[in-house]
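The values are calculated or read from the model by the stated rules, or taken from the named source; none is laboratory data. All values reported here derive from a predicted model rather than from experimental measurement. Glycine also receives a Cβ, built like all others from the backbone with ideal geometry; neighbour counts cover every protein chain displayed.
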Amino acid sequence: MGADRGWRIPESGGRWLLAAASLAVVAWSLVLLPSGCQTQSTARRPDLPDGVLDARSGSARGGAAVAAPSLAKDAPRRPPPPSLRPQVPAREPEVRVRVATLGGESTEFSHPSGWLWLKPIGAGEGVTVRSPVSVQPGDQAWRVVQAAGSREAERLEIRPGSALEIHAPQGSSQELRWRGGDWPGVATLVPLQGDGPPQTDLIFTVPMETYLPGVLAKELFKGWSPETYRAQAVAARSYALCECAWWKGRRHFDVVAGQASQAWIGATADPKSREAVADTRGEYLVFDGRVVPAYYSSCCGGAAASATDAIRDGSWMDIAPLSATDARFVRQKGCCEKAPTARWTVTMPTDEFSRRLNAWSREEGRKDLGTLSGVRSISVAERNPAGRPTLFRITDAGGRKVLWGSEDLRYAVNGGASGTRDALKSGFLSPRVDRGKVVLDGRGHGHGTGMCQWGAETMAKAGRSHGQILQRYYPGAGVESSPPSDAEAR
Ligand SMILES: [Zn+2]
(Lines give C-alpha, C1' and ligand atoms only; values in the text may rest on other atoms or scores of the structure.)
Protein backbone atom coordinates (compact mmCIF):
# COMPACT_ATOMS: atom_id res chain seq x y z
CA MET A 1 0.00 0.00 0.00
CA GLY A 2 2.75 2.44 1.00
CA ALA A 3 4.33 2.80 -2.41
CA ASP A 4 1.37 4.45 -4.11
CA ARG A 5 0.19 6.69 -1.35
CA GLY A 6 1.73 9.71 -2.99
CA TRP A 7 1.68 12.13 -0.12
CA ARG A 8 3.89 13.28 2.65
CA ILE A 9 3.47 15.17 5.84
CA PRO A 10 3.29 18.89 5.06
CA GLU A 11 6.67 20.57 5.59
CA SER A 12 7.03 23.40 8.10
CA GLY A 13 4.37 24.86 10.28
CA GLY A 14 2.50 26.45 7.40
CA ARG A 15 -1.21 26.12 7.70
CA TRP A 16 -2.81 23.64 5.46
CA LEU A 17 -6.15 24.67 4.21
CA LEU A 18 -8.41 22.00 3.03
CA ALA A 19 -10.50 22.19 -0.03
CA ALA A 20 -13.90 22.71 1.37
CA ALA A 21 -15.61 20.95 -1.41
CA SER A 22 -16.95 17.57 -0.77
CA LEU A 23 -15.19 14.76 -2.42
CA ALA A 24 -17.12 12.95 -5.04
CA VAL A 25 -17.06 9.32 -4.48
CA VAL A 26 -18.46 6.61 -6.62
CA ALA A 27 -19.96 3.57 -5.09
CA TRP A 28 -17.32 1.25 -3.89
CA SER A 29 -17.22 -2.38 -4.75
CA LEU A 30 -15.36 -5.34 -3.45
CA VAL A 31 -13.12 -5.16 -6.44
CA LEU A 32 -11.96 -1.68 -5.54
CA LEU A 33 -11.07 -2.58 -2.02
CA PRO A 34 -7.57 -3.70 -1.37
CA SER A 35 -7.59 -7.41 -1.80
CA GLY A 36 -5.02 -8.85 0.46
CA CYS A 37 -4.19 -12.39 0.17
CA GLN A 38 -7.80 -15.01 1.04
CA THR A 39 -10.51 -20.41 2.34
CA GLN A 40 -13.06 -22.97 1.45
CA SER A 41 -16.51 -23.90 0.52
CA THR A 42 -18.71 -26.74 1.02
CA ALA A 43 -20.11 -26.28 4.40
CA ARG A 44 -21.11 -29.45 6.06
CA ARG A 45 -23.35 -27.02 7.84
CA PRO A 46 -24.25 -23.48 6.84
CA ASP A 47 -21.48 -20.99 7.34
CA LEU A 48 -21.81 -18.68 10.27
CA PRO A 49 -23.17 -15.19 9.93
CA ASP A 50 -20.58 -12.47 9.85
CA GLY A 51 -19.86 -10.80 13.11
CA VAL A 52 -20.57 -13.85 15.17
CA LEU A 53 -17.80 -15.37 17.13
CA ASP A 54 -17.44 -19.00 16.42
CA ALA A 55 -17.61 -20.86 19.69
CA ARG A 56 -15.85 -23.81 18.14
CA SER A 57 -12.35 -22.72 18.94
CA GLY A 58 -10.24 -21.49 21.80
CA SER A 59 -6.67 -20.19 22.03
CA ALA A 60 -4.09 -21.35 24.46
CA ARG A 61 -5.02 -18.35 26.53
CA GLY A 62 -8.66 -19.21 26.39
CA GLY A 63 -9.50 -16.51 23.90
CA ALA A 64 -9.38 -17.16 20.25
CA ALA A 65 -8.14 -19.61 17.71
CA VAL A 66 -9.05 -20.72 14.28
CA ALA A 67 -12.45 -21.68 13.03
CA ALA A 68 -14.28 -21.66 9.78
CA PRO A 69 -14.68 -18.45 7.85
CA SER A 70 -18.16 -17.06 7.82
CA LEU A 71 -20.67 -15.73 5.35
CA ALA A 72 -23.47 -13.30 6.01
CA LYS A 73 -26.87 -14.93 5.60
CA ASP A 74 -28.09 -12.04 3.52
CA ALA A 75 -24.84 -11.45 1.68
CA PRO A 76 -25.07 -11.00 -2.05
CA ARG A 77 -24.14 -14.03 -4.10
CA ARG A 78 -20.43 -14.45 -4.23
CA PRO A 79 -18.32 -15.94 -6.94
CA PRO A 80 -17.24 -19.46 -6.07
CA PRO A 81 -14.08 -19.88 -3.99
CA PRO A 82 -10.93 -21.16 -5.63
CA SER A 83 -10.69 -24.92 -5.86
CA LEU A 84 -6.98 -25.06 -5.15
CA ARG A 85 -5.07 -24.02 -2.07
CA PRO A 86 -2.60 -21.15 -2.64
CA GLN A 87 1.06 -21.62 -3.42
CA VAL A 88 3.85 -20.09 -1.38
CA PRO A 89 3.68 -16.42 -2.44
CA ALA A 90 6.58 -14.85 -4.28
CA ARG A 91 5.92 -11.54 -2.51
CA GLU A 92 4.77 -10.71 0.98
CA PRO A 93 0.97 -10.69 0.91
CA GLU A 94 -1.29 -8.25 2.70
CA VAL A 95 -3.99 -9.40 5.08
CA ARG A 96 -7.29 -7.57 5.49
CA VAL A 97 -8.26 -7.87 9.15
CA ARG A 98 -11.69 -6.87 10.37
CA VAL A 99 -11.13 -5.37 13.78
CA ALA A 100 -14.63 -4.17 14.58
CA THR A 101 -18.10 -3.59 13.23
CA LEU A 102 -19.10 -0.13 14.34
CA GLY A 103 -22.56 1.32 14.62
CA GLY A 104 -23.46 4.86 13.63
CA GLU A 105 -21.19 6.47 16.20
CA SER A 106 -18.17 8.55 15.36
CA THR A 107 -14.79 7.01 15.85
CA GLU A 108 -11.45 8.73 16.26
CA PHE A 109 -8.09 8.04 14.66
CA SER A 110 -4.85 9.80 15.39
CA HIS A 111 -1.19 9.69 14.47
CA PRO A 112 1.88 10.91 16.40
CA SER A 113 2.97 13.02 13.40
CA GLY A 114 -0.12 15.18 13.78
CA TRP A 115 -1.34 14.34 10.29
CA LEU A 116 -3.50 11.75 8.57
CA TRP A 117 -4.56 11.17 5.01
CA LEU A 118 -8.12 10.25 4.09
CA LYS A 119 -8.65 8.53 0.78
CA PRO A 120 -12.08 7.65 -0.54
CA ILE A 121 -12.13 4.43 -2.49
CA GLY A 122 -13.13 4.55 -6.09
CA ALA A 123 -12.94 8.26 -6.84
CA GLY A 124 -11.36 11.47 -5.84
CA GLU A 125 -8.04 12.47 -4.44
CA GLY A 126 -7.03 11.89 -0.91
CA VAL A 127 -7.23 14.73 1.56
CA THR A 128 -4.69 15.58 4.22
CA VAL A 129 -6.18 16.30 7.62
CA ARG A 130 -4.85 17.19 11.00
CA SER A 131 -4.86 14.48 13.62
CA PRO A 132 -6.89 13.49 15.52
CA VAL A 133 -9.72 13.01 13.13
CA SER A 134 -13.19 11.81 14.03
CA VAL A 135 -15.20 10.03 11.35
CA GLN A 136 -18.90 9.24 11.45
CA PRO A 137 -21.05 7.63 8.79
CA GLY A 138 -24.10 9.67 7.80
CA ASP A 139 -26.90 9.44 5.25
CA GLN A 140 -25.44 12.11 3.03
CA ALA A 141 -21.75 12.11 3.86
CA TRP A 142 -18.94 10.87 6.01
CA ARG A 143 -18.89 13.48 8.77
CA VAL A 144 -15.26 14.20 9.38
CA VAL A 145 -13.78 16.51 12.00
CA GLN A 146 -10.07 17.23 11.76
CA ALA A 147 -8.11 18.35 14.81
CA ALA A 148 -11.02 16.91 16.73
CA GLY A 149 -11.33 18.12 20.28
CA SER A 150 -9.09 21.16 19.76
CA ARG A 151 -9.90 24.83 19.18
CA GLU A 152 -8.95 24.39 15.55
CA ALA A 153 -11.45 21.61 15.04
CA GLU A 154 -12.87 21.83 11.56
CA ARG A 155 -15.61 19.88 9.84
CA LEU A 156 -15.55 18.51 6.36
CA GLU A 157 -17.68 16.07 4.51
CA ILE A 158 -16.89 13.21 2.21
CA ARG A 159 -19.78 11.81 0.28
CA PRO A 160 -20.98 8.39 1.36
CA GLY A 161 -21.44 5.25 -0.63
CA SER A 162 -17.78 4.55 -0.50
CA ALA A 163 -15.26 2.96 1.73
CA LEU A 164 -12.86 5.42 3.30
CA GLU A 165 -9.19 4.71 3.86
CA ILE A 166 -7.21 6.30 6.68
CA HIS A 167 -3.46 6.36 6.16
CA ALA A 168 -0.52 7.23 8.36
CA PRO A 169 2.01 9.55 6.67
CA GLN A 170 4.09 7.86 4.02
CA GLY A 171 7.35 6.54 5.36
CA SER A 172 6.26 6.86 8.94
CA SER A 173 7.21 3.91 11.07
CA GLN A 174 4.57 4.83 13.59
CA GLU A 175 1.15 3.23 13.53
CA LEU A 176 -2.32 4.70 13.56
CA ARG A 177 -3.88 5.05 16.98
CA TRP A 178 -7.44 3.89 17.49
CA ARG A 179 -9.23 3.23 20.78
CA GLY A 180 -6.03 3.43 22.79
CA GLY A 181 -4.14 0.91 20.67
CA ASP A 182 -1.54 1.10 17.93
CA TRP A 183 -2.66 -0.40 14.62
CA PRO A 184 -0.34 -1.05 11.68
CA GLY A 185 -1.34 -0.79 8.07
CA VAL A 186 -4.11 1.20 6.44
CA ALA A 187 -7.51 1.52 8.12
CA THR A 188 -10.57 1.17 5.88
CA LEU A 189 -14.10 2.02 6.97
CA VAL A 190 -16.57 0.01 4.90
CA PRO A 191 -20.27 0.88 5.17
CA LEU A 192 -22.40 -2.27 5.18
CA GLN A 193 -25.43 -2.51 2.96
CA GLY A 194 -28.73 -3.58 4.41
CA ASP A 195 -31.74 -2.56 6.41
CA GLY A 196 -31.59 -1.52 10.02
CA PRO A 197 -29.20 0.77 11.80
CA PRO A 198 -26.03 1.79 9.99
CA GLN A 199 -23.04 -0.46 10.38
CA THR A 200 -19.49 0.05 9.31
CA ASP A 201 -16.69 -2.49 9.26
CA LEU A 202 -13.27 -1.31 10.33
CA ILE A 203 -10.58 -3.21 8.45
CA PHE A 204 -6.82 -2.89 8.71
CA THR A 205 -4.85 -3.95 5.65
CA VAL A 206 -1.46 -5.09 6.90
CA PRO A 207 1.58 -6.77 5.37
CA MET A 208 1.67 -10.40 6.55
CA GLU A 209 4.89 -10.14 8.56
CA THR A 210 3.62 -7.00 10.29
CA TYR A 211 0.30 -8.67 11.07
CA LEU A 212 1.67 -11.82 12.70
CA PRO A 213 3.34 -10.54 15.92
CA GLY A 214 -0.03 -9.20 17.11
CA VAL A 215 -1.51 -12.67 16.58
CA LEU A 216 1.17 -14.47 18.58
CA ALA A 217 1.12 -11.96 21.42
CA LYS A 218 -2.55 -12.76 22.05
CA GLU A 219 -2.68 -16.44 21.08
CA LEU A 220 0.11 -17.66 23.37
CA PHE A 221 1.12 -17.23 26.98
CA LYS A 222 4.02 -14.89 27.66
CA GLY A 223 6.03 -17.52 29.50
CA TRP A 224 5.89 -20.07 26.70
CA SER A 225 8.92 -21.28 24.77
CA PRO A 226 10.39 -19.54 21.72
CA GLU A 227 9.97 -22.76 19.67
CA THR A 228 6.23 -22.76 20.41
CA TYR A 229 6.11 -19.16 19.22
CA ARG A 230 7.95 -20.11 16.02
CA ALA A 231 5.62 -23.04 15.31
CA GLN A 232 2.66 -20.76 15.95
CA ALA A 233 4.08 -18.15 13.60
CA VAL A 234 4.28 -20.64 10.72
CA ALA A 235 0.79 -22.00 11.45
CA ALA A 236 -0.78 -18.55 11.76
CA ARG A 237 0.96 -17.34 8.58
CA SER A 238 -0.21 -20.38 6.60
CA TYR A 239 -3.76 -20.11 7.92
CA ALA A 240 -3.93 -16.40 7.13
CA LEU A 241 -2.61 -16.89 3.60
CA CYS A 242 -5.31 -19.52 2.93
CA GLU A 243 -8.00 -17.19 4.27
CA CYS A 244 -6.70 -14.48 1.96
CA ALA A 245 -6.87 -16.84 -1.02
CA TRP A 246 -10.34 -18.05 -0.01
CA TRP A 247 -11.88 -14.60 0.34
CA LYS A 248 -10.11 -12.67 -2.38
CA GLY A 249 -12.71 -10.87 -4.47
CA ARG A 250 -15.50 -12.46 -2.42
CA ARG A 251 -15.52 -10.50 0.81
CA HIS A 252 -14.06 -7.20 1.95
CA PHE A 253 -11.88 -8.79 4.64
CA ASP A 254 -9.85 -11.97 4.96
CA VAL A 255 -9.84 -12.63 8.69
CA VAL A 256 -11.39 -11.14 11.78
CA ALA A 257 -9.41 -10.19 14.87
CA GLY A 258 -10.84 -12.76 17.25
CA GLN A 259 -12.16 -16.21 17.81
CA ALA A 260 -13.72 -16.64 14.39
CA SER A 261 -10.26 -16.45 12.82
CA GLN A 262 -7.31 -15.81 15.06
CA ALA A 263 -6.66 -13.27 17.76
CA TRP A 264 -4.99 -9.99 16.80
CA ILE A 265 -4.10 -7.03 18.99
CA GLY A 266 -2.63 -4.81 16.31
CA ALA A 267 0.93 -3.64 16.86
CA THR A 268 2.87 -5.20 19.69
CA ALA A 269 6.26 -4.57 21.24
CA ASP A 270 6.41 -8.09 22.64
CA PRO A 271 9.93 -9.24 21.75
CA LYS A 272 9.16 -12.97 21.77
CA SER A 273 6.34 -12.56 19.26
CA ARG A 274 8.34 -10.25 17.03
CA GLU A 275 11.42 -12.48 17.08
CA ALA A 276 9.45 -15.65 16.31
CA VAL A 277 7.90 -13.97 13.27
CA ALA A 278 11.26 -12.59 12.12
CA ASP A 279 13.00 -15.95 12.64
CA THR A 280 10.41 -17.72 10.45
CA ARG A 281 9.90 -14.90 7.97
CA GLY A 282 8.17 -16.11 4.82
CA GLU A 283 7.90 -19.72 6.07
CA TYR A 284 4.70 -21.53 5.12
CA LEU A 285 3.43 -25.01 5.84
CA VAL A 286 3.16 -26.82 2.52
CA PHE A 287 1.60 -30.12 1.45
CA ASP A 288 1.48 -31.38 -2.11
CA GLY A 289 2.98 -28.13 -3.39
CA ARG A 290 0.39 -25.86 -1.81
CA VAL A 291 -0.04 -24.06 1.49
CA VAL A 292 -1.96 -25.83 4.25
CA PRO A 293 -4.76 -23.95 6.03
CA ALA A 294 -3.00 -24.66 9.31
CA TYR A 295 -5.86 -24.74 11.77
CA TYR A 296 -4.88 -24.98 15.39
CA SER A 297 -6.58 -24.92 18.72
CA SER A 298 -5.76 -24.53 22.37
CA CYS A 299 -5.91 -28.06 23.70
CA CYS A 300 -6.87 -31.23 21.81
CA GLY A 301 -7.68 -33.20 24.96
CA GLY A 302 -5.44 -36.02 23.78
CA ALA A 303 -7.05 -36.82 20.42
CA ALA A 304 -7.09 -34.77 17.24
CA ALA A 305 -10.12 -33.98 15.12
CA SER A 306 -9.92 -34.09 11.35
CA ALA A 307 -10.66 -30.84 9.57
CA THR A 308 -13.47 -32.45 7.59
CA ASP A 309 -15.21 -33.37 10.86
CA ALA A 310 -14.50 -30.23 12.85
CA ILE A 311 -14.20 -27.41 10.29
CA ARG A 312 -15.92 -28.29 7.06
CA ASP A 313 -15.87 -30.52 4.02
CA GLY A 314 -13.99 -29.83 0.85
CA SER A 315 -10.77 -30.55 -0.95
CA TRP A 316 -8.83 -27.94 1.00
CA MET A 317 -9.60 -29.77 4.22
CA ASP A 318 -9.38 -33.35 3.06
CA ILE A 319 -5.60 -33.65 3.20
CA ALA A 320 -3.30 -35.81 5.30
CA PRO A 321 -1.89 -32.98 7.46
CA LEU A 322 -5.40 -32.07 8.64
CA SER A 323 -6.63 -35.61 9.00
CA ALA A 324 -6.89 -37.48 12.28
CA THR A 325 -6.46 -40.82 10.61
CA ASP A 326 -2.69 -40.67 10.41
CA ALA A 327 -1.00 -43.12 12.75
CA ARG A 328 1.04 -40.33 14.25
CA PHE A 329 -2.16 -38.72 15.46
CA VAL A 330 -3.68 -41.94 16.61
CA ARG A 331 -0.62 -42.59 18.74
CA GLN A 332 -0.91 -39.11 20.23
CA LYS A 333 -0.39 -39.65 23.92
CA GLY A 334 0.99 -37.23 26.42
CA CYS A 335 -0.04 -34.23 24.35
CA CYS A 336 -1.67 -31.73 26.65
CA GLU A 337 -2.56 -33.31 30.01
CA LYS A 338 -1.19 -30.31 31.86
CA ALA A 339 -3.57 -27.83 30.25
CA PRO A 340 -6.17 -26.45 32.64
CA THR A 341 -8.79 -27.38 30.08
CA ALA A 342 -7.56 -30.95 29.61
CA ARG A 343 -10.63 -32.22 31.51
CA TRP A 344 -13.80 -30.51 32.64
CA THR A 345 -17.46 -31.29 33.31
CA VAL A 346 -20.62 -29.41 32.38
CA THR A 347 -23.96 -30.38 33.91
CA MET A 348 -27.29 -29.11 32.63
CA PRO A 349 -30.95 -30.00 33.25
CA THR A 350 -32.22 -32.20 30.41
CA ASP A 351 -34.98 -29.72 29.48
CA GLU A 352 -32.48 -26.88 29.18
CA PHE A 353 -30.20 -29.10 27.08
CA SER A 354 -33.01 -30.07 24.67
CA ARG A 355 -34.24 -26.47 24.53
CA ARG A 356 -30.82 -25.26 23.37
CA LEU A 357 -30.53 -28.02 20.80
CA ASN A 358 -34.03 -27.31 19.46
CA ALA A 359 -33.32 -23.59 19.25
CA TRP A 360 -30.14 -24.21 17.30
CA SER A 361 -31.82 -26.66 14.85
CA ARG A 362 -34.55 -24.08 14.18
CA GLU A 363 -32.06 -21.29 13.73
CA GLU A 364 -29.95 -23.35 11.34
CA GLY A 365 -32.90 -24.79 9.42
CA ARG A 366 -31.86 -28.31 10.34
CA LYS A 367 -35.20 -30.07 9.89
CA ASP A 368 -33.40 -33.41 9.86
CA LEU A 369 -32.68 -32.98 13.55
CA GLY A 370 -36.34 -32.23 14.31
CA THR A 371 -37.54 -31.24 17.76
CA LEU A 372 -36.44 -33.11 20.85
CA SER A 373 -38.93 -33.57 23.67
CA GLY A 374 -36.57 -33.90 26.61
CA VAL A 375 -33.60 -36.26 26.69
CA ARG A 376 -33.75 -39.88 27.84
CA SER A 377 -30.23 -40.89 26.89
CA ILE A 378 -27.17 -39.62 25.07
CA SER A 379 -24.17 -41.67 23.99
CA VAL A 380 -21.25 -41.64 21.58
CA ALA A 381 -22.35 -43.11 18.24
CA GLU A 382 -19.10 -42.78 16.31
CA ARG A 383 -15.45 -41.92 16.96
CA ASN A 384 -12.62 -41.01 14.60
CA PRO A 385 -9.51 -43.24 14.49
CA ALA A 386 -7.90 -41.09 17.17
CA GLY A 387 -10.80 -41.85 19.52
CA ARG A 388 -12.46 -38.46 19.40
CA PRO A 389 -16.28 -38.58 19.17
CA THR A 390 -17.70 -37.35 15.88
CA LEU A 391 -21.36 -38.32 16.38
CA PHE A 392 -23.66 -38.55 19.38
CA ARG A 393 -26.92 -40.51 19.55
CA ILE A 394 -29.64 -38.71 21.48
CA THR A 395 -32.88 -40.46 22.45
CA ASP A 396 -35.63 -38.14 23.57
CA ALA A 397 -38.34 -38.80 26.16
CA GLY A 398 -40.63 -40.10 23.42
CA GLY A 399 -38.05 -42.65 22.28
CA ARG A 400 -37.05 -40.79 19.07
CA LYS A 401 -33.38 -41.23 18.16
CA VAL A 402 -31.33 -38.50 16.47
CA LEU A 403 -27.66 -38.34 15.51
CA TRP A 404 -25.81 -35.11 16.28
CA GLY A 405 -22.37 -34.14 15.00
CA SER A 406 -20.01 -33.33 17.87
CA GLU A 407 -19.19 -29.79 16.75
CA ASP A 408 -22.88 -29.09 16.04
CA LEU A 409 -23.72 -30.23 19.55
CA ARG A 410 -21.03 -28.04 21.04
CA TYR A 411 -22.18 -25.06 19.07
CA ALA A 412 -25.84 -25.62 19.93
CA VAL A 413 -25.23 -25.99 23.66
CA ASN A 414 -23.15 -22.83 23.60
CA GLY A 415 -26.11 -20.86 22.34
CA GLY A 416 -25.89 -21.04 18.57
CA ALA A 417 -25.09 -18.13 16.35
CA SER A 418 -26.39 -15.51 18.78
CA GLY A 419 -24.86 -17.14 21.80
CA THR A 420 -21.97 -15.89 23.78
CA ARG A 421 -21.63 -18.88 26.07
CA ASP A 422 -18.56 -21.00 25.97
CA ALA A 423 -19.72 -23.68 28.39
CA LEU A 424 -18.66 -26.55 26.16
CA LYS A 425 -15.04 -25.91 25.41
CA SER A 426 -14.96 -28.71 22.85
CA GLY A 427 -17.00 -31.47 21.24
CA PHE A 428 -14.76 -34.11 22.85
CA LEU A 429 -17.37 -35.40 25.30
CA SER A 430 -18.36 -38.42 27.32
CA PRO A 431 -22.09 -37.70 27.79
CA ARG A 432 -24.68 -39.32 30.01
CA VAL A 433 -28.06 -38.60 31.56
CA ASP A 434 -28.21 -38.78 35.33
CA ARG A 435 -31.30 -37.93 37.40
CA GLY A 436 -32.80 -35.34 35.13
CA LYS A 437 -29.47 -33.84 34.13
CA VAL A 438 -27.19 -34.18 31.15
CA VAL A 439 -23.64 -34.67 32.40
CA LEU A 440 -20.93 -33.87 29.86
CA ASP A 441 -17.41 -34.90 30.81
CA GLY A 442 -15.28 -33.00 28.34
CA ARG A 443 -11.69 -32.87 27.20
CA GLY A 444 -9.70 -30.07 25.67
CA HIS A 445 -10.52 -26.63 24.33
CA GLY A 446 -11.20 -25.85 20.70
CA HIS A 447 -11.94 -27.84 17.58
CA GLY A 448 -8.92 -30.11 17.98
CA THR A 449 -7.74 -29.88 14.36
CA GLY A 450 -4.07 -29.34 13.58
CA MET A 451 -1.64 -27.99 16.13
CA CYS A 452 -2.51 -28.31 19.80
CA GLN A 453 -1.01 -25.20 21.40
CA TRP A 454 -0.60 -26.77 24.84
CA GLY A 455 0.89 -29.87 23.22
CA ALA A 456 3.29 -27.70 21.20
CA GLU A 457 4.52 -26.08 24.39
CA THR A 458 5.01 -29.50 26.00
CA MET A 459 7.16 -30.52 23.01
CA ALA A 460 9.12 -27.26 23.06
CA LYS A 461 9.88 -27.70 26.76
CA ALA A 462 11.17 -31.17 25.94
CA GLY A 463 13.66 -29.61 23.51
CA ARG A 464 11.85 -30.12 20.21
CA SER A 465 12.23 -27.62 17.38
CA HIS A 466 9.39 -25.73 15.75
CA GLY A 467 9.86 -27.93 12.68
CA GLN A 468 9.39 -31.05 14.79
CA ILE A 469 6.29 -29.56 16.40
CA LEU A 470 4.79 -28.78 13.01
CA GLN A 471 5.69 -32.26 11.72
CA ARG A 472 3.80 -33.86 14.57
CA TYR A 473 0.67 -31.80 14.27
CA TYR A 474 0.53 -31.55 10.47
CA PRO A 475 1.88 -34.95 9.43
CA GLY A 476 3.18 -35.05 5.89
CA ALA A 477 3.51 -31.27 5.54
CA GLY A 478 6.83 -29.46 5.21
CA VAL A 479 7.99 -25.89 5.63
CA GLU A 480 8.85 -23.84 2.54
CA SER A 481 9.94 -20.23 2.36
CA SER A 482 9.03 -17.35 0.11
CA PRO A 483 12.04 -16.13 -1.85
CA PRO A 484 13.52 -13.15 0.03
CA SER A 485 12.74 -9.84 -1.66
CA ASP A 486 15.32 -7.09 -2.16
CA ALA A 487 13.84 -5.17 0.74
CA GLU A 488 14.09 -8.17 3.01
CA ALA A 489 17.61 -9.02 1.93
CA ARG A 490 19.09 -5.67 2.90
ZN1 LIG B 1 -3.26 -31.80 22.74
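Residues that are farther than 22 Å from G104 by Cβ and either acidic (D, E) or buried (at least 16 other Cβ atoms within 10 Å of the Cβ) (or both): does region 156-165 have at least one? Reasoning before the result, please.
At the first step, the residues of region 156-165 found to be farther than 22 Å from G104 by Cβ are none.
No: region 156-165 contains no residue that is farther than 22 Å from G104 by Cβ and either acidic (D, E) or buried (at least 16 other Cβ atoms within 10 Å of the Cβ) (or both).
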Go through E108, E94 for me and flag whichever is buried (at least 16 other Cβ atoms within 10 Å of the Cβ) and touching a helix residue (DSSP H, G or I) at 6+ places or on another chain (Cβ under 8 Å).
-> E94
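In the set G114, G124, which member is under 19 Å from P184 (Cα atoms), of a type outside the set (A, V, I, L, M, F, W, C) and more than 26 Å from the chain's Cα centre (by Cα)? Please lay out each step first, then the result.
Details: G124 fails: under 19 Å from P184 (Cα atoms).
Matching residue, one of G114, G124: G114.
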By residue number, the members of region 370-389 that are within 29 Å of the chain's Cα centre (by Cα) and aliphatic (A, V, I, L, M) are A386
Of the residues that sit in region 125-143 and are buried (at least 21 other Cβ atoms within 10 Å of the Cβ) and out of contact with any Ser or Thr (no Cβ under 7 Å at 6 or more places or on another chain), which one is nearest to P198 (Cα to Cα)?
-> W142
Conditions (1) away from the ligand (no atom under 16 Å from the Cβ); (2) in the same structural domain as L470 (by TED's automatic domain parsing); (3) touching a strand residue (DSSP E or B) at 6+ places or on another chain (Cβ under 9 Å) -> T325 fails only (3)
Where a residue in region 429-444 is more than 13 Å from V380 (Cα to Cα) and its partner, wherever it lies, is of a type in the set (V, I, T) and within 16 Å of the ligand (Cβ to nearest atom), with Cβ under 8 Å and at least six apart | G444/T341
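Show me the helices (runs of 4 or more DSSP H) entirely contained within region 278-395 in which 1 or more residues are within 30 Å of P89 (Cα to Cα).
Working: elements: 307-310, 327-330, 350-364.
Correct list: 307-310, 327-330.
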